[in-house]
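Novice: Starting off with a structure, shown below.
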Amino acid sequence: MLYRTSGQFKTTYKADQALFPVRQDAILLGFILILAWAVFPLMASEFTFQALLIPVLVYALAAMGLNILTGYAGQLSLGTAAFMGVGAYACYKLITIFPGMNIVVAILLSGVFSAGVGVLFGLPSLRIKGFYLAIATLAAQFFLVWTFEEWAWLYNYNASGAIQVPNVEMFGTMVAGPLATSTTQYYLVLAIVTVMTIVCINLTRGTQGRTWKATRDMDIAAELIGINLLKSKLTAFAVSSYIVGVAGALFVFMWRGAAEPNLFSISLSFRILFIAIIGGLGSILGNYLGAILIVALPVVLNTLPHTLGIEISSATVEHLNIMIVGALIVFFLIIEPHGLARLWALIREKLIIWPFPH
Amino acid sequence: MELLYKIFIAPFQDMAAAPDFLMQVLWEGLVSGVLYALIALGFVLIFRSSRIFNFAQGIMVVFAALTLVGFHAMGIPAYVSVALTLVVMFGLAVGIERVVLRPLVGQPDIILFMATIGITLFLIGSGELIFGGENKRMITEELGIPTGAFEFNPFDGLLLLEQKDVTAVIGAVALVIGLLLFLNKTRMGRAIRALGDDSQAALSVGISQRTVWVMVWFIAGVIALVTGIVWGARAGVSFALEVIAYKALPVLMLGGLESITGAIVGGLMIGMMEKLFEIYWGQPLLGGGTESWFAFVLALLVLLFRPQGLFGEKIIERV
């Protein structure tokens, strides 16, 4: 009823290919943007910022990076966390070597380092395919985390071996470090994530995105119709690692405040992969839906027994958490292997023709 | 020059200077290689018969070992605990097939792969919930595994072979021989191989996919239990064992995802080479800890030349 598309005529091909062919979609997105930019920051508590809003944005961005590689270009990667780590350590080095550098510039630049490393580890993808490639990306995962541990220059020869985010000022306000407020950090993350999302949507809609999709669907066939596989796969690795690296820099600088090498372990890689797969491979929206699910679930599970008045020790809750996340992954894969984004698309189709069944 | 000397000459001089130590290192590597090979064997078995990349194999090792220790802690005799654990592993195989795999038949490989990661998380969570997260002692003596050590004196040196390691190697060899006999000589074994070769054809001659899948997951569970006992005897039983599951992955890459020979040869190669590299190159030159990534990088390099692994089926692509 609310979602009726009758009366919205398109007279040009361009209008049909527009970002929002249905007017309600644009209105819905506008509504969500107002929520994110104005309503949440006014209402949210410190806890909500730290436990829900910022993590959702950072994880969604990282998953978006992975989704470009796995969902659009079809190259399965299990080394996402390590590339996030490259971004984070690069940002840390940039900020400590050039203390006057604008933090946004530093965060965006740190992605370049991660992209470089990503291309390097992406080179084998030209010969290695499928699960073999997935295990090959694990080489990046374990090797890079080992590098973070052993190469003392990366963490400025700290005794603790961890990186601490210093206080960083931008235009007179603290934006990173212990003195920064959550609201400023949230706005900074939101701005970067919004811009990145727009870039990603348009990138995947255009020539580049179609090249990636052709590579994903069948790389030999793509090669035969004149797609340069080397270029296609390596750009996918570069763009993906860039976004993941920026997400890693935001992860440490805008959220965690400190990082040790173990933070970028394989379990983080898997968490990002869950978000991308549960959200839906080959979709931008899905990353947000998946991130909301994965971030909100533990928070809900932690508070639920308390509100119900059941006393469970925190260790038990932790274990139950892991169990339920595992079960939910299987559950979502069974009900909709193409992810939450496909679920939303189905609901949307139903809404358009509602109340008629066909 | 100094660096080249340290890389190419000094390690070999060290090896020649202390051959007994070299033999000790190789033996240690061989034993861990046997364990990697066993885990990889579980992977290969499931991959061959169902094209499922079973990420949960490593956690099944921990789960089986924990269940065994848990049963024994309840006062049940050791051998009865083993039997009960086997029953649990069979129940797990039936449960996984019924609840997870059957609804997902025919989905893309990556979806099934993700589902096994889901199973992994579920097993970690439930295992810690039931048995607790702390490190437990494997019931080595109770199972009748000797715990002394054989002492040899080659080259006027000292070589210590722990008896439980020797038992582990013998046990693993017996397991592999048994498995090969089962796969090649029995009706069920042939059915498993047939389903792996061509699932459509196998189904059309009346092989039940469900039975085969349950069987394969159960065999993987048995392998997991053996691995769990052997590794638990060395390092205790806890979820830290999980890391050895990752070690099995480069073994698979090196040996090829479909090849049982590949899993065994790859496992032994990686076990020995990573120990050698760590002792003679990693610790003097790179500050140690290279075992976490050496196997992966080695496998990656091999794969650049043979994309299907050393023993894998040749990948033929058609458009």
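Throughout, read-outs are computed from the coordinates displayed, never taken from laboratory work. Predicted model, so just to flag it, every value in this text is computed and none were measured. Heads up, the Cβs are rebuilt from the backbone with ideal geometry, glycines too, and the neighbour counts pull from every protein chain shown.
Novice: I need the per residue convex hull volume for chain B, using only the alpha carbons, in cubic angstrom as a whole number.
Specialist: Numbers: hull volume 48.4 nm³, N = 319.
Normalising the Cα hull of chain B by residue number yields 152 Å³.
Novice: May I pose another question? Using Cα pairs under 8 angstrom and six or more residues apart, how large is the relative contact order of region B:196-272, in percent? Could you put the intermediate results ahead of the total?
Specialist: Values: 21 pairs, mean separation 10.5, N = 77.
Once divided by the residue count of region B:196-272, the mean separation gives 14 percent.
Novice: Listed highest first by mean packing, meaning other Cβ atoms within 10 Å per residue, what order do B:86-92, B:285-291 come in?
Specialist: Numbers: B:86-92: 17.1, B:285-291: 15.4.
So the peptides B:86-92, B:285-291, ranked by packing, come out B:86-92, B:285-291.
Novice: At 1.306 mPa s and 10 °C, plugging the Kirkwood radius over alpha-carbon pairs of region A:216-278 into Stokes-Einstein gives what diffusion coefficient in µm²/s?
Specialist: The diffusion coefficient I find is 112 µm²/s.
Novice: In whole percent, what relative contact order does chain A give with Cα contacts below 8 Å and a gap of six or more residues?
Specialist: Values: 492 pairs, mean separation 105.0, N = 358.
With pairs under 8 Å counted, the relative contact order is 29 percent.
Novice: Defining a contact as two alpha carbons under 8 Å apart and six or more residues distant in sequence, what relative contact order in percent does region B:2-305 show? It would help to have the intermediate numbers written out before the result.
Specialist: Details: 398 pairs, mean separation 112.5, N = 304.
Relative contact order for region B:2-305 comes out at 37 percent.
Novice: Rounded to the nearest 20 debye, what is the charge dipole size of the protein assembly as shown about its Cα centre when +1 sits on each Lys and Arg Cβ and -1 on each Asp and Glu Cβ?
Specialist: Numbers: 37 positive and 37 negative charges, 507 e Å.
The dipole of the protein assembly as shown has a size of about 2440 debye.
Novice: Hey, another quick one. Please compute the average number of Cβ atoms from other chains found within 10 Å of each residue's Cβ in peptide A:123-135.
Specialist: Details: counts 1, 5, 0, 2, 5, 9, 4, 6, 10, 12, 4, 5, 14.
The mean count of partner-chain Cβ atoms within 10 Å per residue comes to 6.
Novice: Something else now. Could you list the square roots of 5 times each eigenvalue of the Cα gyration tensor of the protein assembly as shown, that is, the equivalent ellipsoid semi-axes, sorted largest first and rounded to whole Å?
Specialist: 43, 31, 26
Novice: Could I ask something else about it? Could you state the angle between the C-alpha long axis of helix B:109-131 and the longest principal axis of the C-alpha atoms of chain B, as a value from 0 to 90 degrees rounded to the nearest 10?
Specialist: Compared with the principal axis, the helix lies near 80 degrees.
Novice: Here is a further query. Quick one: helix B:291-305 against the long Cα principal axis of chain B, what's the angle to the nearest 10°, folded into 0 to 90?
Specialist: Once rounded, one gets 70 degrees.
Novice: Report, in degrees rounded to the nearest 10, the 0 to 90 angle that the Cα long axis of helix B:187-197 makes with the longest principal axis of chain B.
Specialist: 80
Novice: With no solvent and one equal point scatterer placed on each C-alpha of region A:47-265, evaluate the Debye formula and give log10 I(q)/I(0) for q = 0.07, 0.08, 0.14 Å⁻¹, two decimals.
Specialist: Once normalised to I(0) and log-transformed, intensities are -0.22, -0.28, -0.82.
Novice: Under a 10 Å cutoff between Cα atoms, tell me which one of A:ALA221, A:ALA18, A:ALA140 has the largest fluctuation in the Gaussian network model of chain A.
Specialist: A:ALA18
Novice: For region A:258-351, restrict the atom set to alpha-carbon positions and state the Rg and Dmax in Å.
Specialist: When restricted to the Cα atoms of region A:258-351, Rg and Dmax are 15.3, 47 Å.
Novice: Using only helices, what value at 222 nm comes out for chain A when you add -39,500 (n - 2.57) per DSSP H run of length 4 or more and divide by the total residues, to the nearest 500 deg cm²/dmol?
Specialist: Working: 15 runs with 231 residues, N = 358.
Helices in chain A give a 222 nm mean residue ellipticity of -21000 deg cm²/dmol.
Novice: Also, I was wondering about something else. So what's the gap between the Cα centers of region B:211-272 and region A:112-146, to the nearest angstrom?
Specialist: 24
Novice: Of the candidates B:LEU304, B:LEU180, B:LEU159, which one comes out as most mobile in a Gaussian network treatment of chain B with C-alpha springs shorter than 10 Å?
Specialist: B:LEU304
Novice: Given the DSSP H assignment, sum -39500 (n - 2.57) over each helix run of at least 4 residues in chain B and divide by its residue total; what's the result at 222 nm in deg cm²/dmol, nearest 500? Present the calculation step by step, with values, prior to reporting the outcome.
Specialist: Numbers: 13 runs with 219 residues, N = 319.
-23000 deg cm²/dmol, from helical runs alone.
Novice: List the aspartates and glutamates whose Cα lies under 18 Å from the Cα of A:LYS231, skipping any in the same chain that are fewer than 8 positions away.
Specialist: Reachable aspartates and glutamates: A:ASP217, A:ASP219, A:GLU223.
Novice: Between their Cα atoms, which of A:LYS213/B:LYS314; A:LYS233/B:LYS275; A:LYS14/A:LYS233; A:LYS10/A:LYS213; A:LYS93/A:LYS129 are more than 31 Å away from each other?
Specialist: Values: A:LYS213/B:LYS314 26 Å; A:LYS233/B:LYS275 35 Å; A:LYS14/A:LYS233 29 Å; A:LYS10/A:LYS213 27 Å; A:LYS93/A:LYS129 34 Å.
As for pairs spanning more than 31 Å Cα to Cα, those are A:LYS233/B:LYS275; A:LYS93/A:LYS129.
Novice: Is any helix in chain A, taking whole DSSP H runs, at least 27 angstrom long along its axis by alpha carbon and on average at least -0.5 on the Kyte-Doolittle scale, and which ones?
Specialist: A:103-122, A:130-150, A:182-205, A:229-250, A:285-308, A:314-335
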